[in-house]
Each structure stands twice: as structure tokens, then as C-alpha cells.
Amino acid sequence: MALAAPVAAGVEIRRATLLKGKDAAGVARGRARFYIEADVKSLIRGTGGLPAKITYLVDVPTDSANRPPKLRKARMLLLASQVAGRPGEIRLIGPRAQLPWTPENEARIRAILTEALAGGAPPRISGIGNAFHVPGSLPGESETQIFLKTDDGRPISLAILRRPGEQPRWAVALGEMVDNSAEPPRPETLLWYRLACGLPANLPENSLAEAAGADLDAIRADYRLVLAGLGPCGRTTER
């Protein structure tokens, strides 16, 4: 959500008006719609800034008795876009784009956006290219390379090294060459997210067209090693 949002801000809700009837048309069962008036406490992202006071609509979950929550004075983080021609009005980019404000949540969003807006930020993975396996000169020694496709055409590749008596090692390269000092991405970084949430569960057959027999089995095993090393994506919604 942070990557898709032109505006990210921390706010304190000043007034929350529960909407009913035609003003709440299309609200999902178990949710309630509010018209929110809020004070901006921190602007994390937003070209041109934001007014000190903003308004927006939000659908929030109700409790087991279908009662809406109390939102007045609550602090929230918003991922949104500005409404053209309506200064001070924003539109959340999705049904879960109002998040509880905590120092940890704000720090996480700031870290995501800082990395995403920096030069050389890793692109989105769009598919898998060719995969190759080369046995080494010693029994149990080998190297697998798996090339990835990206939205902007920049090269990303995975390298998996196996040596006798050592744990398998894998790394990711953001370029044409794999640096010997390259390592797996740190969890919660943008590169980790691009891989953990962008790689398919299995290699497509067209990526394995140049491999056969033991090489084919080795590539698949090494790809599973990478997925296990990344861990689950953990994403619960696209927006």
C-alpha cells in the first residue's frame, strides 16, 4: 500500500460522523462508513504538502454486536491520494489504508518509502527467465543461476552455491554480474519484499528448457532453497 500511495500521513481524528442510508451505499457487511475530519500531525509523503486539516471517508470493522468503533481522538496513519479540485480532501487508496498509528508502523512506512524513492531501488519482479546449473570439479560442488524478469528490464539474478562440507549459500545480484560478497536480502527490506512476494511457488517450465536430468532436479532444489530462505511473503492484501 505504501508503494502505491502518493500521500502518507499521520493524523489525529477530530470528528467522526457515522454515515447511514444512501451515504453508506455499498458498505460491506460487518463494516461501518465514517466521514472523518482530522488534523495532520506528520506528513511522510506528499508532493505539495497537505493542509493542516483534512477530510476523508473510511469503512471500518464493527464489533461482534455490529457496533462501530469510537474514532474521535484516535491517531491513524493514512495511505491515500489527493482529490483533484478539492483542497483538504483525500481518498484512501484501499479499504485497509487507514492504519493505527504507532511509532513502529510509522517507522516501517518511512523505511519502505525511503528505500523505494532512493536511486537504484529494486524493481518489481514480473517473471522468471532462464535457469542454469553447472556441476563443480568436486563431488557435491555446483552453482545454479536463475535470471529474473523485471518491470523495467533491469537485470536481477539468483545464485546458489554448494560446496562439499558446507551449508548451501545463495545470493541475489542487482546487475549483470554476481558479486562474490553478495548475500540474501535482509527481511523487511524492499528487495526482500520484491522477491518474497514476487517469485512464483514453482519455476515455470520454459525457464528450464536448457536443463535436463540431474541438472533439472538440482535447479528445482536450489530454487526451493531460495524460497525457504526468503520465508513467506506475509502480504494479506494488494491494497
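Each value in this text was obtained by applying a stated rule to the coordinates, not by laboratory testing. Owing to the predicted nature of the structure, the values given are computational and were not obtained by experimental measurement. Glycine also receives a Cβ, built like all others from the backbone with ideal geometry; neighbour counts cover every protein chain displayed.
With Cα extents along the principal axes in Å defined as stated, name the option among [x] 47, 37, 35; [y] 54, 38, 34; [z] 71, 39, 32 computed from the structure displayed.
[z]
Relative to the present Cα-Cα distance, how much length would full extension add between Glu115 and Lys41 at 0.36 nm per residue of separation? If you can, show how the numbers build up before the last one.
Values: separation 74, 0.36 × 74 = 26.64 nm, distance 2.26 nm.
Residue separation times 0.36 nm, minus the Cα-Cα distance, leaves 24.4 nm.
Please work out how much length the chain gains when fully extended from Ala201 to Asp152, using 0.36 nm per residue of separation minus the C-alpha to C-alpha distance, in nm with one decimal. List each step's numbers first, then the result.
Values: separation 49, 0.36 × 49 = 17.64 nm, distance 2.23 nm.
Net length gain for the segment: 15.4 nm.
Are there any trypsin sites (Lys or Arg not before Pro) in segment 52-89 that are in a DSSP loop and have at most 15 other Cβ atoms within 10 Å? List them by number. Write down the numbers at each step before the final one.
Values: sites: Lys53, Lys70, Arg72, Lys73, Arg75; in loops: Lys70, Arg72, Lys73.
Here the sparse-neighbourhood loop sites are Lys70, Arg72, Lys73.
Give the order of Ile90, Ile13 when sorted by the count of other beta carbons within 10 angstrom, beginning with the fewest.
With the sparsest Cβ surroundings first, the list reads Ile13, Ile90.
Can you return the lysines within cross-link range of Lys70? Criterion is Cα-Cα under 25 Å, with same-chain partners fewer than 8 residues away left out.
Answer for Lys70, where 25 Å is the Cα cut-off: Lys20, Lys22, Lys41, Lys53, listed by chain and number.
Once a ≥ b ≥ c are taken as the square roots of the eigenvalues of the Cα gyration tensor of segment 178-219, is the result rounded (a/c under 1.5), prolate (a/b larger than b/c) or oblate (a/b not larger than b/c)?
Details: a/c = 3.25, a/b = 1.69, b/c = 1.92.
Cα axes put segment 178-219 in the oblate bin.
For a Förster distance of 35 Å, can you work out the FRET efficiency between the beta-carbons of Leu138 and Glu188, rounded to the nearest 0.05? List each step's numbers first, then the result.
Details: r = 37 Å, r/R0 = 1.05.
After rounding to 0.05, the efficiency reads 0.45.
Assuming R0 = 35 Å, what is the FRET efficiency of Arg31 and Arg224, from their Cβ-Cβ distance, to the nearest 0.05?
Rounded to the nearest 0.05, the efficiency is 0.35.
For every helix of n ≥ 4 consecutive DSSP H residues, a contribution of -39,500 (n - 2.57) applies; sum these over the chain, divide by its total residues, and give [θ] at 222 nm rounded to the nearest 500 deg cm²/dmol.
Working: 3 runs with 42 residues, N = 239.
Mean residue ellipticity, 222 nm, calculated: -5500 deg cm²/dmol.
May I ask for the net charge around Thr102, where only other residues with Cβ less than 14 Å from the Cβ of Thr102 are counted and Lys, Arg are +1 while Asp, Glu are -1?
On the way: positive: Lys41, Arg75, Arg108, Arg110; negative: Glu12, Glu104, Glu106.
So the environment of Thr102 carries a net charge of +1.
State the Cα centre-to-centre distance between segment 1-26 and segment 182-239 in whole Å.
Computed from Cα coordinates, the inter-centre distance equals 36 Å.
How far, in nm, would the chain grow between Leu18 and Lys70 when pulled straight, counting 0.36 nm per residue and subtracting the alpha carbon separation? Provide the component values of the computation, followed by the final result.
Numbers: separation 52, 0.36 × 52 = 18.72 nm, distance 1.01 nm.
Going from the current span to full extension adds 17.7 nm.
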